[in-house]
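Novice: Got a structure for you, written out below as structure tokens; questions coming shortly.
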Amino acid sequence: MTVVLSSDAEADLVDGFWFYEHQQTGWGSYFRSSIVADLESLAILGGIHAKQHGYHRGLSKRFPFVIYYSVEQESITVVAELDARRSPLWIRRRLRKDSIESPTRNRRNVPPSLRGSRTGSKMEWTVAG
């Protein structure tokens, strides 16, 4: 299966990277590699997680982050990677369908270490198996 990140999910990944990198140098890279491993595991485990707010909800293994995604025929679309410590009301509002892929969301420059293969404006991973 192919795992595709929406532009909002990609921005969440960048925001998390910078949050942890500002805590201590190197933590951002560790965060990125941990979340990417969680995203790659969705290619195998996608769809087994319970649904919340209309999306499957998987937990990150090493960080307090939640991955919200939908399963299509041959792909998994990640719509958000959110800090699980956020207010449930904030998370619910963020996941409303009309807020996903919002063009007005504040974006930061993506460092080269976060860039994956791209299809259009989306990041994509394919895991054989």
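The values are calculated or read from the model by the stated rules, or taken from the named source; none is laboratory data. Values in this document were obtained by computation on a predicted structure and should not be read as measured data. Methodologically, a virtual Cβ is constructed for each residue, glycine included, from the backbone with ideal geometry; neighbour enumeration extends over all protein chains shown.
Novice: Report, by residue number, each residue of segment 1-28 that is modelled with pLDDT under 95, part of a helix (DSSP H, G or I) and of a type in the set (S, T, N, Q).
Specialist: Selection gives S7 alone.
Novice: Considering segment 29-56 alone, what residues qualify as being buried (at least 19 other Cβ atoms within 10 Å of the Cβ) and outside any helix (DSSP H, G or I)?
Specialist: Listed by number, the residues that qualify are G46, Y55, H56.
Novice: On to the next question. Return the pair list, or none, for Cβ contacts closer than 7 Å from residues in segment 87-98 that are closer than 13 Å to V66 by Cα to residues that are part of a loop (DSSP other than H, G, I, E, B) and modelled with pLDDT of 90 or more, at least 6 apart or on different chains.
Specialist: Every condition considered, the pairs that remain are R92/H53; L95/H53.
Novice: May I ask you to verify whether P64 is surrounded by fewer than 15 Cβ atoms within 10 Å (Cβ to Cβ), modelled with pLDDT of 90 or more and not aliphatic (A, V, I, L, M)?
Specialist: In short, yes.
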